1. For the stretch 121-164 and the stretch 62-83, write down the distance between their C-alpha centroids in whole Å.
2. Just rank 170, 146, 19, fewest to most, by other beta-carbon atoms within 10 angstrom.
3. Quick one: 104, 145, fewest Cβ neighbours within 10 Å first, how do they rank?
4. Shape of the stretch 121-178 from its Cα gyration tensor (a ≥ b ≥ c, root eigenvalues): rounded if a/c is under 1.5, otherwise prolate when a/b > b/c, or oblate?
5. Please list, by residue number, everything in the stretch 53-67 whose backbone N is under 18 Å from a paramagnetic label point 7 Å out along Cα→Cβ of residue 7.
6. Percent antiparallel among DSSP beta bridges with both residues in the chain, to the nearest 5?
7. Please identify which residues in the stretch 29-46 have an amide N closer than 16 Å to a label point set 7 Å out from the Cα of residue 64, following the Cα→Cβ vector.
8. Between 75, 124, 188, find the one with the highest GNM mean-square fluctuation for the chain; connect C-alpha pairs within less than 10 Å.
Ligand SMILES: [Zn+2]
Ligand SMILES: [Zn+2]
């Protein structure tokens, strides 16, 4: 079980996202994990500009520097030791040996970045991948199938297959299809382990009531 779960460090590495957007992502995480996370500390980790970084190494560096429950958001490509070329670059990952998860924004950039709408989509994607990785920090596991939540969007833990869609398709179908609320199964797990059931049920209810359709 995650220790000191209620406080999350959100660390920006690189400069693809503005500080105010980082705050927006932090606020989004706070809203989706309301009752579980109640404090977000934003920081910027100065590092040389690199094309790619080893995902596990990055989690270890962040663990040493920030310690505790941490999410790193980098604009470098995250590499893994996977021999399969398709999987050796990832959108996000979590180190099971510490409480650090990392997200790469590199593949989340829309093809065009000419309007504020594109930038908003980019931040929205970063938030959704962040929710997934923070979910792993709390012990949630991937849904191989597309699990819908009560608001009709996919649970943030939905994974699907890269191979089936290719990267661009995967991001459009799986990442953009994810919502901000977790499915009943995930909520039940979080309530069993961390005991925040009522607040989660209320969150789902609020989301339904505020949905326009
Ligand atoms: Zn996952
Ligand atoms: Zn779920």
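1. A separation of 18 Å, based on Cα centres.
2. Numbers: 170 19, 146 14, 19 11.
So the ranking, lowest neighbour count to highest, is 19, 146, 170.
3. On the way: 104 28, 145 10.
Going from sparsest to densest Cβ surroundings: 145, 104.
4. Numbers: a/c = 1.34, a/b = 1.22, b/c = 1.10.
Cα axes put the stretch 121-178 in the rounded bin.
5. Under cut-off, by backbone N: 62-67.
6. 20
7. In the stretch 29-46, the label zone of residue 64 (backbone N under 16 Å from the point 7 Å along Cα→Cβ) covers 45-46.
8. Of 75, 124, 188, the Gaussian network model singles out 188 as fluctuating most.
Read the figures in this text as sums done on the coordinates, not as results from a lab. Please read these numbers as outputs of a predicted model, since none were measured by experiment. So basically every Cβ, Gly included, is an ideal-geometry build from the backbone, and we count neighbours across all protein chains shown.
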